[in-house]
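Mind looking over this structure? Questions follow.
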Amino acid sequence: MVKEEWRGRASGAVEGLLSEVASTQQVLGHNERIFSCRCSRVFEGKRKRDEEGASSFVLIATGSEDKTVRLWRSEGLDRKIKLLHVLKAHDEECLSVSWSDDGKTLASCGADNTVVLWSVDADALDDAPPRVAGRLVHKDHVYKAIFKTGSVIGCEGESDVLVTCSGNQILFWGLDEVLRGAEGDGGGTGSQVLLTKTLDLRGTAYGGPRNPNKLVDVFDIAVDGNRIVAACSDGTVRILKFSSAETWEQMIGPLNVPVSCLGWMRFGEKQKELVICCGDGTAHVIDILESKEKGQIVSRYSWRAHRGTIFDCLAVGTMLLTCSSDSSVKLWDTKAMMETGPSRSPEPKGLFEKKGYPFHSVDFVLLPGNSEEALFLAAGGQTGFFGTPWYVRTKPMCLKCI
């Protein structure tokens, strides 16, 4: 499928998932807040087909304050969710989870300063849990991990690299040795650490709602080619660019609030825009070239998206999903908003709310076929919840072709 066709299908699908006609599953499993939920790629199963012939399935990982990672499967025509395994490898909260592109490796990032890599055989999960393939030890708790190739730091070839952010550092790990069972050390002695970039973060100390007394951190990272952007709790965005010869860094900002999450949005085959979201509920589409020239954040479009901290954002075509401590998930048509002109309070294209349930994470996967069938995940919760739920939205089969 060509990229533009995928973006069109995806945008239509995610809009339908946040409409009133979409069905909602409430899934129970964790005992505390859920900080992260992520879908794998769609698997076309060797598993037994159901009577209607629907063999595709999606694996879902959730990471929680209860120190566990839980692995789920969504399959069948009704896309019901089944708990497969409870994975216990962290001594503190699991702050985020992420999948490799092929769905064979899962990374879980912890407040215990480790990233655990899990080897996943999707067709054997009914018989055995994923095994721990490696552990990467950092100096501070780890907020995020992204699977990329070595070209992100100017290495030749297609060797696998894991990019992590921990404290005020961004680290690049060679995965070949790690996935053969070796353990890595982010202190600089591990043979798997290809590069460590330490950022000079300044400003008011802020460690997020889970750790308000902590010093400044890198909260989120996003990768585009050999360019990495980092959302920092000192209110700045750092732009890093790598080649085999040098590392280039530029700071833009600061804002007067922490930058909590960010991502790249594609407005055409070549045009990409950076979206940043903040602790005060504002979101900004950034003019990256002018921001670099001026050394400050220059916005093409800014709006108050939520009444609380935006914890996660996800670009789907020119649509933007955001979730917040204000107990809502919203969908924004950023292209239409920018064409309409400035507005402090534009109307979201879609809305999903659960009173008293702060949302920490969202994800979306487009299912195979010519329809707009898709899965939408949203997870969060409050401290002290027991049996914290998370939510899955699907479009009814009768509406999937609308």
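The numbers here are math on the coordinates, done by the rules we state, and not lab data. Nothing here was measured: the structure is a model prediction, and the numbers come from that model. For neighbour counting, all protein chains shown are included, and Cβ atoms are generated from backbone atoms with ideal geometry for every residue, glycine included.
Could you pull out every residue, at least 5 positions away or on a different chain, whose amide H is within less than 5 Å of the one on G29? Hs are placed 1.01 Å off N in the peptide plane, and Pro or chain starts have none.
Answer set, sorted by chain and number: T388.
Turning to a different aspect of this structure: Considering the zone a paramagnetic label at Q382 would reach in this model (a point 7 Å from Cα along the Cα-to-Cβ line), which residues of region 322-336 have amide N under 17 Å from it?
Zone members listed by number: 324-329.
Calculate, for R307 and R131, the FRET efficiency according to 1/(1 + (r/R0)^6) with r their C-beta to C-beta distance and R0 41 Å; round to the nearest 0.05.
Numbers: r = 43 Å, r/R0 = 1.05.
Working from the Cβ atoms, E equals 0.45.
Here's something else I'd like to know. Determine the alpha carbon to alpha carbon distance for each of K80/K349; K148/K272; K148/K355 and list only those over 28 Å.
Details: K80/K349 26 Å; K148/K272 19 Å; K148/K355 37 Å.
With Cα atoms farther than 28 Å apart: K148/K355.
Quick one: if the Förster radius is 41 Å, what FRET efficiency do E293 and R41 give, using the C-beta to C-beta distance and rounding to 0.05? All intermediate terms of the calculation are to be shown ahead of the outcome.
Values: r = 38 Å, r/R0 = 0.93.
According to the calculation, E is roughly 0.60.
In whole Hz, what ³J(HN,Hα) sequence does region 35-42 give by Karplus (6.51, -1.76, 1.60; θ = phi - 60°), x for Gly and Pro?
8, 7, 9, 9, 8, 7, 5, 7
Multiplying the sequence separation of E347 and Q25 by 0.36 nm and subtracting their Cα-Cα distance, what value in nm do you get? Mind dumping the intermediate values first?
Numbers: separation 322, 0.36 × 322 = 115.92 nm, distance 2.58 nm.
Length gained, E347 through Q25: 113.3 nm.
Let me ask something additional. What distance in nm separates the simple spin-label points at R266 and T198, each placed 7 Å from Cα in the Cβ direction?
It works out to 3.7 nm between the two label points.
Whole-Hz ³J(HN,Hα) for each residue in region 312-327, computed from phi via Karplus 6.51 cos²θ - 1.76 cosθ + 1.60 with θ = phi - 60°, x for glycine and proline: what do you get?
So the Karplus estimates, Gly and Pro as x, are 8, 9, 8, 8, 10, x, 9, 8, 10, 8, 10, 10, 8, 5, 7, 6 Hz.
Then there's this: Would you pull out the residues with amide H under 5 Å of K67's amide H, same chain only if 5 or more places away, H placed 1.01 Å from N?
Correct list: C94.
Would you tally the net charge around R307, using a Cβ to Cβ cut-off of less than 10 Å, leaving R307 out, and scoring K and R as +1, D and E as -1? Don't skip to the answer; put the middle values down first.
Details: positive: R304; negative: D280, D326.
Result for the local shell: -1.
Using modelled amide H (1.01 Å from N, peptide plane; none on Pro or chain starts), what sits under 5 Å from the amide H of S327, excluding residues fewer than 5 places away?
For S327, whose amide H was placed from the backbone, the distant partners under 5 Å are F359.
Please list 3J(HN,Hα) in residue order for region 58-70, calculated via the Karplus relation 6.51 cos²θ - 1.76 cosθ + 1.60 where θ = phi - 60°; whole Hz, with x for glycine and proline.
10, 9, 10, 10, 10, x, 9, 4, 7, 6, 10, 10, 10
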